[in-house]
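Enquirer: The structure under discussion is supplied below as structure tokens; questions concerning it will follow.
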Amino acid sequence: MLTSNKQYISILSALFLAMGCTPEIEPASNNISNYQGTASITQGLAKSVVSNLFECKSGRSRVAGIGEVVDSAGNVWTVPAKNLFTTAAKASDLYEECANITPTSLADVDVTAVPVVTVDSDGDEITGYIFADNYFELYINGIFVAVDSVPFTPFNASIVKFKVNKPYTIAVKVIDWEENLGLGTENNRGKAYHPGDGGFIASFSDGTVTGSGWQAQTFYTAPIYDLNCLSEAGGQRLSASCTVEGTDHGENAFAAHWQTPNNWMNEQFDSTSWPQASLYSEDEIGVNNKKSYMNFIDKFSGAGASFIWSTNVVLDNEVILRYQVK
Ligand SMILES: [Ca+2]
Ligand SMILES: [Ca+2]
Ligand SMILES: [Ca+2]
């Protein structure tokens, strides 16, 4: 069985040579038309459509823009992902430097001020504690609860409340934001095109925590410098063999896009083919120096929650997470 375009090309090349012909096939790494996976591929910088979603009133933040990039079939892709930041209700802040909300622990947070979203009017009231690198949109049984109040940086933490009966379904869109729109990178660690990482952790007052029982599917993977490094197995969209190194010359990077289903947040949505979430340590996500995480660690790893994402926490930049609370 042919496992890669590279093998296919080398076999074709050998055939051509045996026939006395010169092969005229470009390496698949440079040629979108040789890509055979299910993603739509774009190449290069997206056109900026929103220059910056978020102004940090107190302190500094990275520019959180939105872009559009067109694939070879003419389809327009929004990067880093379609989102509701400008229009939807923001989650209450546990910690948000730009708004000068910097409590040292949960004891200093007025949790009674957090609005309660009604999913079931006779349901139990549940409180959720959330930290996302970088941004989340939360739904319970398809009912919208809140979006993250900071799309990119600084790192913040959120608290939400909702009333629901078990069983119920948590669905979260998470975005690892990017500065170089469409390229999956940011100016960081001394490189102009550094691929930042994601990560999501949450606990809920009914004992629900993020972990390997959750599902995680990716919808946007970038930067990709060699399309041969992408593969798929069952429902998995894999990029483990793609480089995660930063570069000063990432302007021609490829990106892989998959359409998000319209009803991904609904209880009835069938995600049975989706992969199980991958777990990441606090060291891997790099939260040990972040007060927005450490000041509430009792509600994160201290509550038994793990950081989750898809299989590639660096390159997968739009991920949807789902979990049914039984
Ligand atoms: Ca955030
Ligand atoms: Ca990334
Ligand atoms: Ca990030």
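The values are calculated or read from the model by the stated rules, or taken from the named source; none is laboratory data. Since we're looking at a predicted model, the values are computed, not measured. Here Cβ is always computed from backbone atoms with ideal geometry, including for glycine, and neighbour counts include all displayed protein chains. Side chains included, ligands, DNA and RNA excluded: accessible areas come from the protein's heavy atoms. Shrake-Rupley method; radii C 1.70, N 1.55, O 1.52, S 1.80 Å.
Enquirer: Which of the residues that make up segment 103-144 are in a strand (DSSP E or B) and either open to solvent by less than 10 Å² (accessible area, probe 1.4 Å) or modelled with pLDDT under 95 (or both)?
Expert: Listed by number, the residues that qualify are I126, G128, I130, F131, A132, Y135, F136, E137, L138, I140.
Residue-by-condition table, conditions (1) β-branched (V, I, T); (2) away from ligand 1 (no atom under 16 Å from the Cβ); (3) farther than 16 Å from A89 by Cα; (4) not assigned by TED's automatic domain parsing to the domain that holds T112:
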{"residue": "V147", "(1), (2), (3), (4)": "yes, no, no, no"}
{"residue": "T153", "(1), (2), (3), (4)": "yes, no, yes, no"}
{"residue": "K163", "(1), (2), (3), (4)": "no, yes, yes, no"}
{"residue": "T169", "(1), (2), (3), (4)": "yes, yes, yes, no"}
{"residue": "V172", "(1), (2), (3), (4)": "yes, no, no, no"}
{"residue": "I175", "(1), (2), (3), (4)": "yes, no, yes, no"}
{"residue": "L181", "(1), (2), (3), (4)": "no, yes, yes, no"}
{"residue": "G190", "(1), (2), (3), (4)": "no, yes, yes, no"}
{"residue": "F204", "(1), (2), (3), (4)": "no, yes, yes, no"}
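Enquirer: Would you mind listing the strands (runs of 3 or more DSSP E) fully within segment 238-326 where at least 2 residues are open to solvent by less than 10 Å² (accessible area, probe 1.4 Å) and assigned by TED's automatic domain parsing to the domain that holds G190? Write out each step before concluding.
Expert: Numbers: elements: 254-257, 278-280, 307-309, 316-325.
So the answer is 254-257, 307-309, 316-325.
Enquirer: Ok, one more. So for segment 90-98 (the condition being in a loop (DSSP other than H, G, I, E, B) and under 20 Å from A64 (Cα atoms)), does at least one residue qualify?
Expert: In the first step, residues of segment 90-98 are kept if they are in a loop (DSSP other than H, G, I, E, B); the result is 91.
Checking which are under 20 Å from A64 (Cα atoms) leaves us with 91.
Looking through segment 90-98, at least one residue is in a loop (DSSP other than H, G, I, E, B) and under 20 Å from A64 (Cα atoms).
Enquirer: Give the residues of segment 180-211 that are under 14 Å from V79 (Cβ atoms), near ligand 3 (Cβ under 10 Å from one of its atoms) and either part of a strand (DSSP E or B) or open to solvent by 10 Å² or more (accessible area, probe 1.4 Å) (or both), sorted by residue number.
Expert: Residue satisfying the conditions is E186 alone.
Enquirer: On to the next question. Go through (1) closer than 16 Å to Y220 by Cβ; (2) in contact with an Asp or Glu (Cβ under 8 Å, 6 or more places away or on another chain); (3) of a type in the set (A, V, I, L, M, F, W, C) and name the single condition I66 misses.
Expert: The number of the failed condition is (2).
Enquirer: Pairs only if they're at least six apart or on different chains, beta carbon under 9 angstrom, first in segment 298-313 and of a type in the set (K, R), second away from ligand 1 (no atom under 16 Å from the Cβ); list them, first residue then second.
Expert: Filtered contacts from segment 298-313: K299/L106; K299/S203; K299/A305.
Enquirer: If N187 satisfies every condition in (1) farther than 16 Å from D133 by Cβ; (2) in contact (Cβ under 8 Å) with a residue 24 or more places away in the chain; (3) in contact with a strand residue (DSSP E or B) (Cβ under 8 Å, 6 or more places away or on another chain) but one, which is the exception?
Expert: (2)
Enquirer: So, in segment 51-95, of the ones that are in contact with a Gly (Cβ under 6 Å, 6 or more places away or on another chain) and aliphatic (A, V, I, L, M), which residue ends up farthest from K161 (Cα to Cα)?
Expert: If we take residues in segment 51-95 being in contact with a Gly (Cβ under 6 Å, 6 or more places away or on another chain) and aliphatic (A, V, I, L, M), then V69 is farthest from K161 (Cα to Cα).
Enquirer: crowded, with 24+ Cβ neighbours inside 10 Å, within 16 Å of ligand 1 (Cβ to nearest atom) and without any contact (Cβ under 8 Å) to a residue 60 or more places away in the chain: does that describe A157?
Expert: It is false that A157 is crowded, with 24+ Cβ neighbours inside 10 Å, within 16 Å of ligand 1 (Cβ to nearest atom) and without any contact (Cβ under 8 Å) to a residue 60 or more places away in the chain.
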